[in-house]
Amino acid sequence: ALALEGELEHADQDHPTLHRYEQPWSQWGAPNPDNVYERCAIDPTATYVLRGRAEGIHEALFSLVEGDMHLGENGVHAEVALTDLAVADGDLELLIGPPGTGATLVTDPATRLLLIRQYLYDWTNDRVASFSVERVDLAGVPAPPPAPTAVTSALDRAAHWVEESITFWAAYAGASRDLLEHNTFTAPNTPPGGAPSIAYGGGCFEMGADEALLIEHDQPDAHYWNWSIHHLHWFDSGAFHERPTSLNGAQAHVDADGIVRVVVSTSDPGTPNWLDPEGQAMGMAVYRYVGARTKPHPSARVVRLSDLRSSLPADHPVIDDATRRGILGERRLAAQRRWG
């Protein structure tokens, strides 16, 4: 479905249409549950205008990219954060085009996609923006009916997209499982194909049914930060619209000593910063910092669930069943705002 959307339905560079992807039911490549993702195809020789109402958005990144990582298209040619833009009265107008056009986002000859990441920190109250894009020289000109040869080529590209995605992400997940010491996390860095303003780290967790992974790090000084967990067999982010498979800085509890303590366990540990792997005792956990001034390197240790409470500060909150149901109920309702 994602391949057909990208290569058939929204592949017209002359008449671009932004489309959302990475919904809970259509995930690919371990998405960030805090992001609302949109993208469209663009011609690097043409000029475009992106418009939208930016009021009430915590953060958004606008990027020009070569393509998808699993196709070996890792280039990030231009990027700007919403917080770095002067937005008059909440209205955003962003020019995209080749050098010499006065564009804020300047294309490279290899640029093929405009990618937008909106970051929801407060899922309930942060606004989800709606953006539009048009090619300046073809504004108001309808797209021609699709030609049979164009449809055939699009279907071939979609099939190739699926084949490469399966092999790439399976190898990526396998390397994470086999090459990294389990229950440890890499230092924050920006991988090839990642946004330059984002620092990532991660690792694989592995524990027994009666154990938990306790992750600890200083509270980051960052505009945005989060944790998310991913299933190795699909490399997705789980049912993030109704389960706590992610946790961000606006949602997290920070102890009085300034330490963030996150718990990964297959059963509810009764702690506020629980990451739910949906019954999977092995998986991947990833953290990311955006606009960070400090980038703490997390530590982790496996503890028995029966010993977890003694491993936490005495004033660390206890989350009972009723409170957890309330938290998850609010999460589910807030998530629906993205597609409602």
Gyration tensor (alpha-carbon) shape descriptor, the stretch 13-138, a/c threshold 1.5: oblate
Cα principal axis extents for the stretch 280-340, largest first, Å: 42, 36, 28
Solvent-accessible area of S228 with every protein chain in place, 1.4 Å probe, in Å² to the nearest 10: 0
Sorted largest first, extent of the chain alpha carbons per principal axis (Å): 66, 45, 34
Simple Cβ-charge dipole of the stretch 59-98, Lys/Arg +1 and Asp/Glu -1, about Cα centre, in debye nearest 20: 100
Alpha carbon Rg of the stretch 164-320, scaled by the compact-globule rule 2.2 N^0.38 Å: 1.01
DSSP-defined antiparallel bridges as percent of all bridges, the chain, nearest 5: 95
Computed magnitude of the charge dipole of the chain (debye, nearest 20; Cβ of K, R +1, Cβ of D, E -1): 340
Label-point separation in nm, E5 to D218, each point 7 Å along Cα→Cβ: 3.9
Pairwise label distance in nanometres, L328 with L155, each label 7 Å out on the Cα-Cβ vector: 4.3
Cα-based helix-to-principal-axis angle, 321-336 vs the chain, degrees rounded to 10: 0
Most positive-pole-ward Cα, T104, H241, P191, against dipole of the chain from beta carbon charges: H241
Solvent accessible area, Å² - W339, 1.4 Å probe, full protein context: 90
Equivalent ellipsoid semi-axes - Cα gyration tensor, the stretch 80-129, angstrom: 26, 14, 7
R0 of 51 Å, Cβ-Cβ distance V302-A110: FRET efficiency to nearest 0.05: 0.70
Approximate spin-label separation N74-A170, in nm, with each point projected 7 Å along Cα-to-Cβ: 2.2
Calculated FRET efficiency for the pair T124/A147, C-beta based, R₀ 45 Å, to 0.05: 0.45
Principal-axis tilt of helix 148-179 within the chain, Cα atoms, nearest 10 degrees: 20
Span from the the stretch 252-284 Cα centroid across to the the stretch 92-111 one, whole angstrom: 42
Distribution of pairwise C-alpha distances over the stretch 239-340, 10 Å bins, in %: 12, 45, 35, 8, 0
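The values are calculated or read from the model by the stated rules, or taken from the named source; none is laboratory data. Just so you know, these numbers come straight off a predicted model, no measurement behind them. No Cβ is skipped: glycine too gets one built from the backbone with ideal geometry, and neighbour counts run over all protein chains shown. Ligands, DNA and RNA are stripped out before the accessible areas are found, and what is left, the full protein with its side chains, is counted by its heavy atoms. Shrake-Rupley method; radii C 1.70, N 1.55, O 1.52, S 1.80 Å.
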